[in-house]
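Structure, as structure tokens:
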Amino acid sequence: MPHFFSNKRLIILLVSIIILVALIGFSMKKRESLTLPEQFLKDSAGLTQTIFYKPANTIAGFFENLAEMKQLYKENQMLKARLDEYAKLYVQFEEVKKTNETLKAQLDKKEDLTDFKVREATVIGRSPDQWNQFIYINKGEKDGIKPKMAVISPQGFIGKVTNVSLFQSTVQLISDNDRANRFSAIVQGEKNIFGTIEGYDPKRQALLFKKIEVDAKIKKGQKVITSGLGDVFPPNLLIGEVIEIEPDEVGLTQTAYLKPSANLYDLNHVMVLEREMPAVNESLKEKEEE
Amino acid sequence: MKKILLPFLIYLGFISESSLVQAFLPHQNSMEWQIIPHFSMVMILFVAMYLNTTYGLIYGLGFGLLTDLLYTDIIGVYLFSMAATAYVTSIFSRYLFGNLIVTLLLSIVGVTILEFFVYGLNSLIGISNQMIDLFLYKRLVPTLIINGLFAILIYYPFVKQLNQLKDTLKEN
């Protein structure tokens, strides 16, 4: 290779590295909305993805059925045992619901922070390189989806909507390692223990639950839910279960490892939640803008 | 083959990556492997090897930008990596005779270069925190096998089409 690094090529290489760094720097800061060409690209790609995902899912579903048949008997027995438990819980639930309703009526409280509107969506694709944990859903601005809405699967909390185009939107899963992908959560128990979810450990296949107070006592198997603080996500969405606890590197806080309750690798139908009651901050902001 | 059909074919490969990962991820995760299809990259490598360097570079830039915009959050990582990979591979292919084995080898080398580029850049930015040993065993090896299989699968039909296209380009 005699002219592999001639002067001209070296200059082109250097210039392209500078452009690369500039582009990365530009796109690393968080943008609220997409530019028009980006929206157009995402919509047209979303359209082709919708055509593709059905045959792909059918083929994958066939293999899944084969694997499931082996475990059917075992699962059936386990479910039967659970059924008795369910009847007992249901009676309890009805009772608690009734008392709650009467108490609310007494207080004359109509809106609740926990009320939300549910929109169902189908997953049409996923980011193929698994560095970025994004899924794409077939509902967009047209259906009333806005950025920062919480997304859940039937098993639990899975992530938030990051950007929206007209017919499809992108959901960032909680296992994404982005620095901005953090939110507060609490350990369910007698006393609420606060912390923040910060990324994913691929080796243990667990979420990192950081910044817990040193003297907080957490047991394995305790459930972790969203706190509802920060006015973004609704509270009481199940995130996962504690599987391991260890002190931080400096020893000032603790870190817990969570097994996510939703299977983040097997998502087909998801639900997008919108808080019914407007958050306090937003109404304040609107006033300021006026 | 008409000239306009080529980007359309690569686009099909590009979209199928996302659908395949979404449909087959539950199964591969039980094996703890990360299989990443780079079908559009393999096809661009074929273009760079059998058509010419300029086409490879342009398609690398185009589909790199598309990958960045649609599948990731950061613009620039795939744009740079895919174009550079296409360029380097086409330089290699000038000194080698084009048959199935050589093409397969070059595709595997190309996908390896791409994976290392993206892994390095993402580690730099802080998107990936995977250790290098996990990356090599659980991600790189299965990924190379799948993309190698894809390269063998499309070799005969795709190269035939590319050679036809090259002849029509020469005539003009």
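Please treat every number below as a calculation from the coordinates, not as lab data. Just so we're clear, the structure is a prediction, and the values are computed from it rather than from any experiment. Methodologically, a virtual Cβ is constructed for each residue, glycine included, from the backbone with ideal geometry; neighbour enumeration extends over all protein chains shown.
Which angle from 0 to 90°, rounded to the nearest 10, does the C-alpha axis of helix A:7-28 make with the longest principal axis of chain A?
20
Please report the base-10 log of the normalised intensity I(q)/I(0) for the range A:182-260, using a Debye sum with one equal scatterer per alpha carbon and no solvent, at each q in 0.12, 0.13 (1/Å).
After summing over all Cα pairs, the log10 values are -0.28, -0.33.
Once you mark the chymotrypsin sites (Phe, Trp or Tyr not before Pro) that are in a DSSP loop and have at most 15 other Cβ atoms within 10 Å, what is the longest gap between them in chain B?
The segment B:1-94 is the longest one with no such site.
Against the longest alpha carbon principal axis of chain B, how many degrees, from 0 to 90 and to the nearest 10, is the axis of helix B:53-71 turned?
With both axes taken from Cα atoms, the answer is about 30 degrees.
Rounded to the nearest 0.05, what FRET efficiency do residue B:166 and residue A:44 have when you use their Cβ-Cβ distance and R0 = 41 Å?
Step by step, r from the Cβ atoms, then E = 0.90.
Counting other Cβ atoms within 10 Å of each Cβ, which trypsin sites (Lys or Arg not before Pro) in the range A:1-93 have at most 15 and sit in a DSSP loop?
A:29, A:30, A:31
Let's test this: bin the Cα-Cα distances of the protein assembly as shown at 20 Å from zero up to the farthest pair and state each bin's percent.
Percent of Cα pairs in each bin: 21, 51, 23, 5, 0.
If one takes the longest principal axis of the Cα atoms in chain A, at what angle in degrees, from 0 to 90 and to the nearest 10, does the Cα axis of helix A:36-107 lie?
So the helix axis and the longest Cα principal axis differ by about 20 degrees.
Between B:123, A:261, A:106, whose Cα lies farthest towards the positive end of the dipole of the protein assembly as shown when Lys and Arg beta carbons carry +1 and Asp and Glu beta carbons carry -1, centred on the Cα centre?
Comparing the listed Cα positions along the dipole, B:123 ranks first.
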